[in-house]
1. Looking at (1) touching a residue at least 12 places away in the same chain (Cβ under 8 Å); (2) more than 16 Å from Val2 (Cα to Cα); (3) of a type in the set (A, V, I, L, M), which is the one condition that is false for Ala97?
2. Being among the polar types (S, T, N, Q) and within 11 Å of Gly9 (Cβ to Cβ) narrows it down to one residue among Thr91, Thr78; which is it?
3. With (1) open to solvent by 50 Å² or more (accessible area, probe 1.4 Å); (2) of a type in the set (Ser, Thr, Tyr); (3) outside any strand (DSSP E or B); (4) under 20 Å from Trp118 (Cβ atoms) as the list, and Ser54 as the residue in question, which single condition is left unmet?
4. Tell me which residues, restricted to segment 11-44, are surrounded by 13 or more Cβ atoms within 10 Å (Cβ to Cβ) and farther than 18 Å from Val79 by Cα.
Amino acid sequence: QVQLVESGGGLVQAGGSLRLSCAASGRTFSHYAMGWFRQAPGKEREFVAAISWSSDSTYYTESVKGRFTISRDNAKNTVYLQMGSLKPEDTAVYYCAAAQDVLIFVPWIPKGGALDAWGQGTLVTVSS
């Protein structure tokens, strides 16, 4: 099992940018697909973005397309979520997670599977 720790959350003005990082420890980071979820106040957890282990495939929920970019640096055992044009509705606790297959993250693809690990979360607050 890989261990994940998020960082980079904070308070940002609407229209601003923020980059979240998720640092992984363990020997098998490069073999995991990685993704981000978020949970806003009063709402259920929502898929945000995911990336395959080789970075050849990425997926985004429609509400963040064109604004957020997921990337990873396997040499640094880190996955990133670059968040731009932030809106108050982006306010949430953001969690990173690891899985064996990137498709496990994607809610509109009918494939079973479970997450192997997740982080503790980092709070992003976007002020209007």
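The values are calculated or read from the model by the stated rules, or taken from the named source; none is laboratory data. All figures in this text were calculated on a predicted structure; none of them were measured in a lab. In this analysis, Cβ positions are derived from the backbone assuming ideal geometry, glycine residues included, and neighbour counts consider all displayed protein chains. When the accessible area is computed, the model is the full protein with side chains, heavy atoms only, and any ligands, DNA or RNA have been set aside. Shrake-Rupley method; radii C 1.70, N 1.55, O 1.52, S 1.80 Å.
1. The number of the failed condition is (2).
2. Thr91
3. (4)
4. Hits for segment 11-44 are Val12, Ala14, Gly16, Gln39, Ala40.
This table checks each residue for (1) touching a Lys or Arg at 6+ places or on another chain (Cβ under 6 Å); (2) more than 15 Å from Val124 (Cα to Cα).
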{"position": "Gln39", "(1), (2)": "yes, no"}
{"position": "Tyr59", "(1), (2)": "no, yes"}
{"position": "Val79", "(1), (2)": "yes, yes"}
{"position": "Glu89", "(1), (2)": "no, no"}
{"position": "Gly112", "(1), (2)": "no, yes"}
